[in-house]
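The values are calculated or read from the model by the stated rules, or taken from the named source; none is laboratory data. Treat the numbers as computed from the prediction; the structure is a model and nothing was measured. Neighbour counts are summed over all protein chains in view; Cβ atoms, including those assigned to glycine, are modelled from backbone coordinates with ideal geometry.
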Amino acid sequence: MNIREKSAELLDRVRNKSPLIHHITNYVTVNDCANIVLAIGASPVMADEIDEVQDMVSIANTLVLNMGTPNKRTVESMLAAGRRANALGIPVVFDPVGVGATEYRTKIAHKILDEVEISVLSGNISEIKAISGLGGTTKGVDASSEDTTDLNYMEDSSNMAKTISKQLNCIIAITGAVDVITDGDKVFYVHNGHEMLSTITGTGCMCTSLIGSFCGVTDDYLNAATAGIMAMGIAGEKAYKSLVQGEVGSGSFKARLLDMVFILTGEDLTKEGKVYGI
Amino acid sequence: MNIREKSAELLDRVRNKSPLIHHITNYVTVNDCANIVLAIGASPVMADEIDEVQDMVSIANTLVLNMGTPNKRTVESMLAAGRRANALGIPVVFDPVGVGATEYRTKIAHKILDEVEISVLSGNISEIKAISGLGGTTKGVDASSEDTTDLNYMEDSSNMAKTISKQLNCIIAITGAVDVITDGDKVFYVHNGHEMLSTITGTGCMCTSLIGSFCGVTDDYLNAATAGIMAMGIAGEKAYKSLVQGEVGSGSFKARLLDMVFILTGEDLTKEGKVYGI
Amino acid sequence: MNIREKSAELLDRVRNKSPLIHHITNYVTVNDCANIVLAIGASPVMADEIDEVQDMVSIANTLVLNMGTPNKRTVESMLAAGRRANALGIPVVFDPVGVGATEYRTKIAHKILDEVEISVLSGNISEIKAISGLGGTTKGVDASSEDTTDLNYMEDSSNMAKTISKQLNCIIAITGAVDVITDGDKVFYVHNGHEMLSTITGTGCMCTSLIGSFCGVTDDYLNAATAGIMAMGIAGEKAYKSLVQGEVGSGSFKARLLDMVFILTGEDLTKEGKVYGI
């Protein structure tokens, strides 16, 4: 099977098994993350009190750590839950939202990477550059245009991703106009998506939650990350096409995006997936 | 008047009086809870700082406690607000989200039940079983399928609900495919609802907020709980029917659900309410 | 240029410059605030950990402080970020949500006003009255009807607004059926808007975020506040008009509101703006 077919099979598994995805995440996009996890067929639970995160992650199939609005309390919970997930062999997906924007975010991202073994590190190009120490120019939580307009973008980002993947021993997923996913050797490029995805907050977070949903049903995290990114991109394309008269902006698009994840099929992934591997 | 007619009258009262519903709730579904309270005609306020919750609840008509994302800080605020509500005779509606999933949730649910007199305890079957000590198999925050597929579900759940109702001296509202509401003697079964309601996060929380809205205009909390559950179920049915071409999933359904609560009438409750009492 | 034309020009600048708007805000409406900031063409970032807010605000173009769900931790962050913004000459927009409802909110609103120089103070009539010490009758977070039905509403509120504006040395923006914006001398009245805006939570917060977006591209904060309020009002009108069959309530309206901010043009502001100045 090729990566599209394997992703379609993973989607079936998500819908059959409904893996429980424990999130410790931000309060901006948390509702959208819960709803997209339900839409893909998995089951979300959000819990961040340190007295319960170890118990909660123990019954989960994936732990998603998203540092969109970090604070001292929730970072401690992320570390405790992450270590427990490691001990139990539960995959950990980490989205270092806004890393590089402040010293605090950079410090806690590295603390999490030092103390928790990550299965998939997912972020935009500025965030992954900041993690790598290459000095991404994060502007708040969005990728800087300086980081995406370079002509050698794809080659540079895949080389960087491979290097970081080997350093951190995890899958790297860089989301952008072209998404780059690698396990350090194999690289997949996903050309799906629509520019409307950048007009609503949380598409990065939601994509990470989809990756987490797929990680809950396989230990092939390269496939899981690629499937999550393809699902998001294809749903974005279909959401745009589904807009009818009067549905002209980001509010309608957001509702339709959830609709399209909800009705996404394996055939969508095999037929619409624009994924190229090297 | 029968329960449908009495619920219709309560809806009129909610729209005329616009009761203030003070929530101490989770950060996942809080926006949806605020919007559904507005849609039914009541007025939401969310406040969880311990230095203000006693003042805030004092001007409220109902206190809603929802432990979807509990932490030490907000649990203390729940206890303080709950005690003040009791002292002032303000109804307290409690949704023990995810109780049974972790020891922490079980402990704090019991602490709240020990220290605060609850008017309505509202949850899914797994949560109510966990409260009762019957060992519900909560999977995260959703009801376990093991708890809902038993052939004797309705008889078992109504017997359990009656027992807990007498123990805790409060209305028990079990939400599910068939909802069960009891004051320990009288039992109402509500057959309204639509399976799409389980595809978005927070329908349980929103239902609890609707119950809270009705509790703000009556001291017949059995009626209030039944009215809230009927309102949610009927709005869910109408939301599904209202979907037009292209509106194929949970994103569109969620917007329409709010629409249908917004235009819900007393006639909807009397004509569409599928409530049976014993 | 008149105020409509100047507002249209500001909108162009927002879309070209995409200013970064750092919010320290509540967890009820935070997602809507982020999405409306994106829809108008600016870039939102939410961050409230005291160890990072000073760094974050340093790269921002505006700081928005919204006390919808305040607590001790976030209030300290608001003060620290506000002082840093002042030191760097970055505008601070403050929405004292629910001030007057509890002693705590009144105390922290005054603490913020004492320690931080505010560029625009934005709230409903009950909130601004409470700030002024005139004893607004805030009911939770919504304006009290007692505060809005007076026949002399417009004259009284503009006089009060001018007085407070001079006391606090900032722009005062009172949102309501008629919005009043003043720098202490000049007063603008905005007659745009639609009653559906009061049926969803967070329109006040979103309006404040739009004001913040405009403040990020000019130092004429009177114009910025007027532009933000006009944008919200006109988008509300257009959202209502755009509803099609079956879109009958607050859920659909909310999605369309975001759509209409997304496609708002300078021509909308110049042609649809109902702003009168004295």
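Structural remarks
- Residues in the range A:24-39 that are more than 7 Å from every other protein chain (Cβ to nearest Cβ) and either hydroxyl-bearing (Ser, Thr, Tyr) or more than 14 Å from A:Gly202 (Cα to Cα) (or both): A:Ile24, A:Thr25.
- Test: residue in the range C:40-58 that is surrounded by 24 or more Cβ atoms within 10 Å (Cβ to Cβ), more than 9 Å from chain A (Cβ to nearest Cβ), closer than 22 Å to C:Gly204 by Cα and modelled with pLDDT of 95 or more: yes
- Taking the criterion of being more than 13 Å from C:His23 (Cα to Cα), touching a residue at least 60 places away in the same chain (Cβ under 8 Å) and not small (Gly, Ala, Ser), the only residue of the range C:39-77 that qualifies is C:Ile40.
- Answer residue from the range A:232-241, given it is under 30 Å from A:Asn159 (Cβ atoms) and of a type outside the set (Asp, Glu) and is nearest to the other protein chains (Cβ to nearest Cβ) among those: A:Ala235
- Selection status of C:Thr203, surrounded by 18 or more Cβ atoms within 10 Å (Cβ to Cβ), farther than 15 Å from C:Phe94 by Cβ and in contact with a Phe, Trp or Tyr (Cβ under 8 Å, 6 or more places away or on another chain): no
- Within the range C:249-278, no residue satisfies the criterion of being at pLDDT below 95 and farther than 20 Å from C:Ile181 by Cβ.
- Subset of the range C:247-278 (residues that are in contact with a His (Cβ under 9 Å, 6 or more places away or on another chain) and within 14 Å of another protein chain (Cβ to nearest Cβ)): C:Phe253
- Subset of the range B:176-208 [more than 14 Å from chain A (Cβ to nearest Cβ) and assigned to a loop (DSSP other than H, G, I, E, B)]: B:Gly176, B:Ala177, B:Val178, B:Asp183, B:Gly184, B:Asp185, B:Lys186, B:His191, B:Asn192, B:Gly193, B:His194
- Within the range C:161-207, being touching a Leu at 6+ places or on another chain (Cβ under 7 Å), β-branched (Val, Ile, Thr) and over 19 Å from C:Asn66 (Cα atoms) holds for one residue alone: C:Thr199.
- Listed conditions (1) in contact with a Cys (Cβ under 9 Å, 6 or more places away or on another chain); (2) within 14 Å of chain B (Cβ to nearest Cβ) are all met by C:Val244, apart from (1).
- Verdict on B:Arg73 being charged (D, E, K, R), out of contact with any helix residue (DSSP H, G or I) (no Cβ under 7 Å at 6 or more places or on another chain) and within 14 Å of chain C (Cβ to nearest Cβ): yes
- So C:Gly100, is it at pLDDT 80 or above, closer than 24 Å to B:Ile21 by Cβ and under 16 Å from the mean Cα position of the chain (by Cα): no
Yes/no per residue for (1) surrounded by fewer than 24 Cβ atoms within 10 Å (Cβ to Cβ); (2) part of a helix (DSSP H, G or I); (3) in contact with a strand residue (DSSP E or B) (Cβ under 7 Å, 6 or more places away or on another chain); (4) in contact (Cβ under 8 Å) with a residue 12 or more places away in the chain:
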{"position": "A:Ser213", "(1), (2), (3), (4)": "no, yes, yes, yes"}
{"position": "A:Asp219", "(1), (2), (3), (4)": "yes, no, no, yes"}
{"position": "A:Val248", "(1), (2), (3), (4)": "yes, no, no, no"}
{"position": "A:Val261", "(1), (2), (3), (4)": "no, yes, no, yes"}
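- Of all residues in the range B:117-161, exactly one satisfies the criterion of being among the small types (Gly, Ala, Ser), surrounded by fewer than 16 Cβ atoms within 10 Å (Cβ to Cβ) and modelled with pLDDT of 70 or more, namely B:Gly133.
- Screening A:Gly246 on (1) modelled with pLDDT under 95; (2) within 21 Å of A:Lys129 (Cβ to Cβ) shows it passes everything except condition (2).
- Within the range C:86-116, restricting attention to residues that are within 14 Å of another protein chain (Cβ to nearest Cβ) and surrounded by fewer than 21 Cβ atoms within 10 Å (Cβ to Cβ), the residue that is nearest to C:Leu168 (Cα to Cα) is C:Lys111.
- Members of the range A:15-30 that are in a helix (DSSP H, G or I) and surrounded by fewer than 24 Cβ atoms within 10 Å (Cβ to Cβ): A:Arg15, A:Asn16, A:Lys17
- Filter result for B:Gly100 (touching a residue at least 24 places away in the same chain (Cβ under 8 Å), under 18 Å from B:Gly212 (Cβ atoms) and touching a Gly at 6+ places or on another chain (Cβ under 8 Å)): no
- Among the residues here, C:Val217 qualifies as closer than 20 Å to C:Leu11 by Cα and aliphatic (A, V, I, L, M).
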